[in-house]
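Taking it in order: structure first as structure tokens, then the write-up.
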Amino acid sequence: MGSESPTAGRDFVRQIIDRDLETGATGGRVITRFPPEPNGFLHIGHAKSLVLNFGLAQEYAGACCHLRFDDTNPATEDLRYVRAIEEDVRWLGYEWSEHRYFASDYFEEMYGFAEELIQKELAYVDSQSEEVIREQRGTVTEPGRASPHRERAVAESLRLFRDMRGGEHGDGEHVLRAKIDMGSANMLMRDPVLYRIRHAEHYRTGGRWCIYPLYDYAHPLEDALEGITHSLCTLEFANNREIYDWVVENVSVSHRPRQHEFARLSLDYTVMSKRRFLRLVEEGDVAGWDDPRMPTLAGL
């Protein structure tokens, strides 16, 4: 009888972790994260990611899971949702001890990395509208078209970006874009927007910032700054892995996290959208996020 691999019969996520520990690829560490956006209550779909990430931290010796709030959109986020998410994590039997973080903890570092990209000629300030930028992005069969501001001088982009931070421009007047490849087969790589102007109060930082990073820029940097070894997300983010890697490879951050995708949890005949949940709550169709008719964890 042939010898059986120690990972045989284990799911592919645990096989990846086992292999990384065996080869020393992650320095013998396992650090995962559960990174919800605090713009609503968690639903049953979130439970799969929550249990996977926190469960792995319990399973491997010396491992830990970070509870991180991905709070880069001041218009929709609230401390109430932070508290509700914490209650749900505890209800499912998990703790994070001192490992509780917020994307907003890193706003200054993210800004510094953005200036670094500009100085490396890997980012530029674009002064076109959101609609024009979207139209220029092309389609799955047609390449995108370059912005007329794509070759803006480094000094001018830096000045404009600093003015954006200083509040000298209105919402939508400028954005910061990565300079990657407008002909890429992956449309997410066609000079994605990294920062946009939002003159809105943030529930943690108040009015200190009026520019905010977008998910595809912020998320890999959060993982890198926290030393995450296995960034586990659902399959709809598979195309985002290319921009994830691009960001961490092109800024001077010491840690290089890796993203791995698994299948999301979906239930037939069940609404799984926080936007729709919010509408039900705001229009009074349910008693609240914890109404037992809602497929939220609080409702359950």
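The values are calculated or read from the model by the stated rules, or taken from the named source; none is laboratory data. Computed from a prediction, not measured in an experiment: that's the story for all the values here. Neighbour counts are summed over all protein chains in view; Cβ atoms, including those assigned to glycine, are modelled from backbone coordinates with ideal geometry. Each accessible area value is taken on the protein alone, full model and side chains, heavy atoms only, with ligands, DNA and RNA left out. Shrake-Rupley method; radii C 1.70, N 1.55, O 1.52, S 1.80 Å.
Structural remarks
- Whole-Hz Karplus values for the range 200-211 come out as 8, 6, 8, 5, 10, 9, x, x, 5, 10, 10, 10 Hz, taken residue by residue from phi with 6.51 cos²θ - 1.76 cosθ + 1.60 and θ = phi - 60°; glycine and proline positions read x.
- Charge dipole (debye, nearest 20) of the range 133-229; +1 at Cβ of Lys and Arg, -1 at Cβ of Asp and Glu: 180 debye
- Computed from backbone phi, the HN-Hα couplings of the range 22-33 come to 5, 8, x, 4, 10, x, x, 10, 10, 10, 10, 8 Hz, rounded to whole numbers (Karplus: 6.51 cos²θ - 1.76 cosθ + 1.60, θ = phi - 60°; Gly and Pro given as x).
- For mean projected area of the Cα convex hull in nm², calculated from these coordinates, the label among (1) 25.1; (2) 20.4; (3) 18.9: (3)
- Bins of 5 Å, starting at 0 and running to the largest distance - Cα pair percent for the range 141-232: 3, 12, 17, 19, 20, 15, 10, 4, 0
- Under-5 Å amide H pairs with Phe102, H placed in peptide plane, nonlocal only: Phe69
- Solvent-accessible area, 1.4 Å probe, carbon plus sulfur percent, for the chain: 49 percent
- Placing a label point 7 Å from the Cα of Asn239 along the Cα-to-Cβ direction, the residues of the range 124-141 whose backbone N falls under 11 Å of that point are 139-141.
- Across the range 91-189, the fraction of Cα-Cα pairs farther apart than 19 Å, rounded to a whole number, is 54%.
- The chain: relative contact order as a whole-number percent, Cα under 8 Å and 6+ apart: 19 percent
- The simple Förster model, with R0 at 30 Å and r as the Cβ-Cβ distance, assigns Tyr203 and Asp163 a FRET efficiency of 0.75.
- Set of lysines with alpha-carbon distance to Lys179 below 27 Å, sequence-local pairs under 8 removed: Lys120
- Thr270 versus Arg29: modelled label distance in nm, points set 7 Å from Cα along the beta carbon direction: 3.5 nm
- Those lysines that a straight Cα-Cα span of less than 30 Å connects to Lys274, excepting residues fewer than 8 apart in one chain: Lys48
- Average accessible surface area per residue within the chain, 1.4 Å rolling probe, Å²: 48 Å²
- The range 178-267 - Rg (one decimal) and Dmax (whole number), Cα, Å: 14.7, 42
- Around the amide H of Ile180, modelled in the peptide plane, lie the amide H atoms of Asp191, all under 5 Å away and 5 or more residues distant in sequence or on another chain.
- About the centre of its Cα atoms, the chain shows a dipole size close to 180 debye [charges on the beta carbon of Lys, Arg (+1) and Asp, Glu (-1) only; nearest 20 debye].
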